[in-house]
Every structure is written in structure tokens, then in C-alpha cells.
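Step one of this worksheet: look at the structure below.
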Amino acid sequence: MALLSDLINLNLTASTPKIIAEYIWIGGSGMDLRSKARTLAGPVDDPKKLPKWNFDGSSTGQAPGEDSEVILYPQAIFKDPFRRGNNILVMCDAYTPAGEPIPTNKRCAAAKIFSNPEVEKEVPWYGIEQEYTLLQRNTNWPLGWPLGGFPGPQGPYYCGIGADKAFGRDIVDAHYKACLYAGINISGINGEVMPGQWEFQVGPAVGISAGDELWVARYILERITEIAGVVVSFDPKPIPGDWNGAGAHTNYSTKSMREEGGYEVIKKAIEKMGLRHKEHIAAYGDGNERRLTGRHETADINTFIWGVANRGASIRVGRDTEKEGKGYFEDRRPSSNMDPYVVTSMIAETTILWNKA
Amino acid sequence: MSLLNDLINLNLTDSTHKIIAEYIWIGGSGMDLRSKARTLPKPESDPKKLPKWNYDGSSTGQAPGEDSEVILYPQAIFKDPFRRGNNILVICDAYTPAGEPIPTNKRHAAAKIFSHPEVEKEVPWYGIEQEYTLLQKDINWPLGWPQGGFPGPQGPYYCGIGADKAFGRDIVDAHYKACLYAGINISGINGEVMPGQWEFQVGPSVGISAGDELWAARYILERITEIAGVVVSFDPKPIPGDWNGAGAHTNYSTKSMREEGGYEIIKKAIEKLGLRHKEHIAAYGEGNERRLTGRHETANIHTFKWGVANRGASIRVGRDTEKEGKGYFEDRRPASNMDPYVVTSMVAETTLLL
């Protein structure tokens with residue numbers, strides 16, 4: 001019989017001008033990704049030219065059964081690494097039929113902040129370090145860990161190699177290439193301190209695209225783990241005890257910070273962040289209190305401290321930035337399950353739009 | 001030794017003009033698909049130019065042993081995604097040697113309705129949403145479900161991703177591309193509410209071709225699950241209890257409905273469908289009473305109601321159609337095992353001819 005992969009890998013460009021567009025949205029929990037596909041008459045590269053669509057919101061906890069249509073607005077296009085050819089992935093956000101963003105739509109408010117003239121002229125850059133844990137299907141125990149037991153203590157695993165130290169690299173490497181193929185600004189990967197935990201970085205991305213790119217990178221990652229028969233977790237503290245948690249450190253700079261005298265602008269920005277510590281923490285991900293303990297390279301959740309090269313701080317400034325007098329800073333507080341639309345726009349809002357008075 | 005796949009994937013266009021035609025027909029149960037292949041001297045794209053054929057009807061419950069020849073009339077051609085090259089799939093319907101449609105041939109009567117002048121001029125469009133369930137071979141338990149147990153309750157699976165939420169995507173994606181390759185008007189796919197259940201949509205197709213395309217798509221799907229070692233079920237309620245059933249919602253519009261003032265036409269058509277609710281339900285698939293309970297996004301089988309954006313209705317009209325005053329409506333009653341020739345022609349007959 002023909003192989004399943006012969007069919008999955010059919011290159012349709014010779015048979016038809018039609019393409020397949022996979023519309024992606026965030027579901028009712030704020031972390032569950034959903035998608036479905038439709039055929040379009042020909043290739044499209046401008047999201048504004050894609051048709052709006054709708055989905056059954058009563059099946060995702062986003063609408064009641066008697067009035068279930070939720071509308072999808074296409075916002076960003078990426079190449080589909082699974083179907084390849086001219087097929088695309090489309091990142092969408094969700095609206096009521098009347099045109100209002102539904103409550104779980106965090107992109108709409110973020111886009112408003114990013115199109116504020118004060119923010120736009122500062123060209124905010126983001127680099128997000130997404131950590132995640134791979135779990136064995138059916139047992140939900142980390143990949144590579146013995147059933148009913150634990151691996152040796154942390155130490156050998158950070159950036160480690162070898163069958164006894166690195167678990168799941170095929171997923172990580174497939175994801176890296178798939179994201180580059182898709183057009184996502186993926187800047188690197190590394191094995192993390194806890195075995196079975198990995199990290200990829202997306203950026204520098206400007207404004208709203210940071211959120212779009214990170215969500216699509218998460219989508220591609222979960223599609224790849226689906227193929228591998230492994231479960232991906234974005235929980236900030238998947239294993240209690242002497243095992244690192246998972247974060248989404250967010251690196252940030254504005255035009256002023258990147259220019260001469262930028263270091264002073266950075267210090268003022270960090271001061272504002274400190275004054276809004278509680279508000280930020282509340283929006284930086286559920287369950288973060290299990291991760292931000294003051295141990296395992298975190299700052300305690302109730303404390304705001306910043307420092308140069310300090311991984312135990314809430315905000316860390318790199319030595320290069322201090323030396324050159326300009327650069328960027330790293331907010332280490334967001335957890336791995338944060339919403340990048342919320343975090344990136346909140347940092348811009350606090351540092352550029354918010355006044356202490 | 002060469003691999004089996006090297007041979008299966010041989011591209012014969014360089015060696016010979018001959019092509020392989022797979023003739024497909026519906027068997028005695030009305031849901032079992034059958035097919036066999038023959039060599040033809042050269043490529044062919046017009047079904048009228050293909051030779052009629054015959055098969056042993058006594059082996060499919062469609063003829064007695066002493067008079068077993070059933071004649072196959074080619075009706076539609078699609079490109080063969082399995083053999084590729086110039087090879088084709090041929091959708092046929094079945095006749096006695098005397099030229100009468102055999103009892104299980106539902107296409108013949110449908111084609112008559114679609115060639116009626118009153119129907120032809122309204123250019124009826126259909127979009128069919130075919131749901132189906134994938135089952136593990138040998139135990140017939142849904143794909144991805146633990147043996148002897150159940151997955152977590154419905155919620156995470158609709159359009160879901162991840163190894164704990166989506167079971168069998170490789171089959172679904174292979175099917176999507178294979179149908180596009182074949183020339184079927186497949187318009188989309190999505191994961192369904194029950195884990196292991198999926199949906200594809202075919203359309204918009206005009207008249208009789210809606211049935212031809214859906215049957216060809218079902219054929220390709222079952223050939224793909226055969227490759228994957230998985231069983232496909234079109235049962236409308238494969239697992240009793242708090243698990244969604246499987247339907248074949250049929251979207252429908254006529255020229256008048258698609259033009260200015262169409263919404264009034266739609267409302268009149270829905271009214272006519274309501275008056276024939278019992279007749280339609282009887283033709284909308286076996287076992288539908290296990291699915292149409294009034295729960296799980298269905299309307300109760302004894303009740304006819306329609307509504308805008310209402311997934312608990314028998315017939316649903318989309319918000320766009322209401323807003324623009326024209327469009328189409330969705331008959332949510334047909335079961336996944338319905339015969340599209342019967343359903344599409346009956347909807348046309350009730351709304352246009354009666």
C-alpha cells in the first residue's frame with residue numbers, strides 16, 4: 001500500500017492552486033491552543049486579505065450553545081512547516097459577532113497599547129525565553145525520568161548531551177527548524193537545569209508581533225510533541241522540591257534605551273516596574289507563587305529587586321548593558337504559562353505610558 | 001531487494017500509455033464501499049467515454065447467484081491519490097442487465113430530481129460536514145482511548161492539539177491532501193468534540209456532484225485508515241453516554257437564496273422542511289435516534305425547530321445570512337451514515353418541487 005507519509009507529504013503545487021490555511025486561536029482557559037483548517041483559492045501573504053472565520057465557542061468555553069458563533073480575525077501569517085508548499089498557519093484573535101473582543105482575547109487590548117503614538121515611536125523590542133517541560137504521555141511524569149522514581153540531582157543537565165542527560169532533543173531540534181521555516185524569529189535553544197526541561201528564545205520582535213510569534217512557536221511545539229507522542233507542559237513548577245521551575249523571562253528595550261544615555265532610561269524604567277510589582281505579578285501567570293520562591297534562580301514573589309548579572313533578582317541587567325551605558329533589561333518574573341500579549345504590552349504601558357503620580 | 005514501496009510508487013507514465021481505473025460502487029448495505037481495478041489503454045477524463053463494467057452482485061448482497069451480474073455505469077472521475085500518475089478513481093452506480101437501477105442505487109433517482117428544470121435553474125449548492133470516528137483495530141475502541149477505560153471528559157478536544165488531545169491527525173491530514181489531489185472540493189477539516197472524532201467538509205458542490213464527491217471522499221478516507229491500520233466508523237452514536245455523536249450536517253442554498261431577498265426564501269424553505277420532518281428523518285440515516293436526543297448540540301428527533309446561530313436546533317441559520325438578508329442554511333439532522341444522494345436530492349425536492 002502507499003505509505004501514509006507519501007500522502008501527508010504530497011506537494012500539491014503541481015495539481016492545484018488551492019492552499020490550506022490553518023487558523024489558530026487561544027481557547028477558553030487562556031492557554032489551550034485550538035486550530036482548524038480551510039481551503040483557500042490561492043496563496044495569500046497578507047493577513048488583511050484572509051477571510052474572517054468563526055468557530056463553535058460553546059465547545060471551548062467561550063460562548064453559550066444558543067448563541068455559539070465566535071468570530072476569528074486573522075492577524076499574522078506564517079508558513080506551515082507540516083504541510084509546507086504554499087500552505088499557511090494563521091494566528092487569529094476572537095470577537096463576538098458584534099465586533100467586541102471576547103473576554104479571553106488579550107491581543108486586542110495589547111494592540112491598542114502598541115499603537116499608542118508614545119509607544120510606537122519608542123519601537124519596543126522583546127526577546128522571550130520560553131521554558132517548557134516534556135512529559136511522558138499517560139503518566140505525565142517528565143520525559144526520561146524513571147517511572148516511580150527520580151533522576152540524579154540537577155547539575156549535569158543544563159546544556160548537557162548524552163542519553164543519560166538530554167531527553168527529547170529530537171523534539172527541540174525539529175521545533176527549531178520548523179520555526180525558522182515558518183518565518184518565526186527563533187533566536188536559540190538550550191537544555192535546561194531540570195532534566196526533560198528545555199528552552200527556546202523568540203526575538204527580537206517588535207511590539208505586537210512578539211506575542212504573535214511566541215504563540216505560534218508554542219503551537220508548533222505542541223503539534224510536534226503530538227507527533228512524538230509526548231506531552232508538553234507550560235506549568236511554572238511541574239515537580240515540587242529541589243527541581244527548577246519554568247519561566248518566560250522577557251527581555252525588553254526601547255529606542256531610548258538602545259541609544260547613548262540609555263542606561264539612565266533603563267534605571268528609570270526599572271524603578272517604575274518596581275512601583276507596579278504587585279500588578280505585574282498578578283498578570284504574569286497562574287501558579288507563579290510555586291516557582292518564585294527566592295531559590296532556584298528566582299526572586300521571591302513578594303520582593304522586587306534588580307541587579308546587574310543577578311539571576312536571583314526580579315529584573316536583571318546584563319554586564320554588557322552596564323558597560324556600554326545602553327542596551328536592554330531582563331524581567332525574570334513571568335512564568336512559562338504567561339500570556340505574551342499581556343506581559344509585553346504591560347511592560348510597555350508601565351515604562352512608557354504610566355506616570356508615578 | 002527493492003522495497004515494496006519502490007514498486008507501489010513506480011511512475012508508469014514513462015513506460016506505457018496505459019492507466020489503471022479503480023471502479024467504486026456502494027454495496028448491499030448502502031454504506032459498504034466496494035472497488036476493483038482495470039487497465040485502460042490511455043488517459044481518460046470524461047466518464048461518458050469510460051466502458052461500463054460489471055461485478056458479482058451475489059457477493060455483495062445485491063443479486064441472486066443464478067443471475068449475479070450487476071452492471072456498473074461510470075458517473076464521475078477523480079485522480080487516484082494512491083497510484084497517482086494518470087491513474088483514476090471512478091464513482092459508479094449499479095444497474096440490472098436490463099438497464100434498471102438496482103434497489104440500493106440511490107444516485108439514479110437523485111439525478112432525476114437534479115435534472116428537473118425547476119431544480120436545475122435554482123443551481124442548488126451543498127456543503128456537507130462529514131463527521132467520523134477512528135477506532136483501534138481488533139478491539140473497536142476509539143483511537144487514543146485507554147483500553148478498558150475512558151479519556152477525560154469532553155472539553156479539551158474540539159480543534160485541540162497535543163498528544164493527549166488529538167488522536168489520528170496523520171490520517172486526517174493525509175486525507176485532506178489526498179482529496180485535494182483527487183480533485184474533490186474539500187473545504188476544510190477540524191478535530192471534533194469527542195476525542196478520536198474528526199470532521200471534513202466537502203463543498204460547495206452543485207447538485208448531483210455533492211453526492212459523488214462525498215462518496216469519493218469517504219472511499220479515500222477508508223483506504224487511508226486501511227493503510228494506517230485503524231478502523232473508520234460512520235456510526236451516529238459510537239459511544240453511548242456523555243460523548244457527542246457523529247453527524248453529516250448539510251448546508252444548502254439555491255440561486256434565489258443567494259440573491260437579494262434570499263432570507264425570505266430561506267424562511268419559506270425551512271417551513272416546508274418542517275412540514276416534512278418525519279419523512280426527512282426517516283431518510284437521514286440509520287440509528288439517528290441514538291444521536292438526536294436534544295443534548296450534545298442536537299435537537300430532539302421528534303422536534304423540529306430552527307434558529308439563528310443555535311446549535312441545538314434542527315436547522316441553523318448563520319448570523320452572516322441573517323445580517324446580509326441572503327445566504328444559506330444548515331440542516332443539522334442527517335447522521336454521519338446518511339446517503340448524500342438521498343439527503344441532497346430530498347432537500348431539493350422538498351424546497352423546490354413540493
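Read the figures in this text as sums done on the coordinates, not as results from a lab. Predicted model, so just to flag it, every value in this text is computed and none were measured. With ideal geometry, Cβ positions are generated from the backbone for all residues, glycine too; neighbour counts draw on all protein chains shown.
Things worth noting here:
- Within-11-Å neighbourhood charge of B:Ser253 [Cβ basis; K, R +1; D, E -1]: 0
- Cα-based reach from A:Lys278 at 16 Å (exclusive), listing aspartates and glutamates while leaving out same-chain residues under 8 positions away: A:Asp286, A:Glu289, A:Asp300, A:Asp331, A:Glu349
- Gyration tensor (alpha-carbon) shape descriptor, the range B:198-268, a/c threshold 1.5: oblate
- Distance between the pseudo-spin-label points of A:Glu289 and A:Gln154 (7 Å out from Cα toward the beta carbon): 2.1 nm.
- Taking the convex hull of the alpha carbon positions in the range A:213-324 and averaging its projected area over all directions gives 8.6 nm².
- Cα Rg over Rh - the range A:117-353, Kirkwood: 0.97
- Stretched out straight at 0.36 nm per residue, the stretch from A:Arg84 to A:Ser29 would grow longer than its current Cα-Cα span by 16.8 nm.
- In this structure, the residue pairs whose Cα-Cα separation is over 30 Å, taken from A:Lys237/B:Lys165; A:Lys272/A:Lys323; A:Lys177/A:Lys272, are A:Lys177/A:Lys272.
- For the residues A:Ile315, A:Ile88, A:Ile102, a GNM of chain A with alpha-carbon springs under 10 Å puts the largest fluctuation on A:Ile102.
- For chain B, the relative contact order is 16 percent, taking Cα pairs closer than 8 Å that sit 6 or more residues apart in sequence and dividing their mean separation by the residue count.
- Kirkwood radius and radius of gyration were both taken over the C-alpha atoms of the protein assembly as shown, and their ratio Rg/Rh is 1.02.
- Fewest-first ordering of A:Tyr176, B:Tyr219, B:Tyr157 by other beta carbons within 10 Å of each residue's beta carbon gives A:Tyr176, B:Tyr219, B:Tyr157.
- The calculated P(r) of the range A:149-231, using every Cα pair and 10 Å bins from 0, goes 18, 44, 29, 8, 0 in percent.
- Taking a ≥ b ≥ c as the square roots of the eigenvalues of the Cα gyration tensor, the range A:266-357 is oblate, since a/c reaches 1.5 or more and a/b is not larger than b/c.
- In nm, spacing of pseudo-spin labels at B:Leu354 and A:Ala98 (7 Å Cα→C-beta vector): 4.0 nm
- Shape of the range A:4-105, Cα gyration tensor, a/c cut at 1.5: prolate
- Label point of A:Lys268 set 7 angstrom out along Cα-Cβ; within the range A:331-357, amide nitrogens under 19 Å from it belong to A:347-357.
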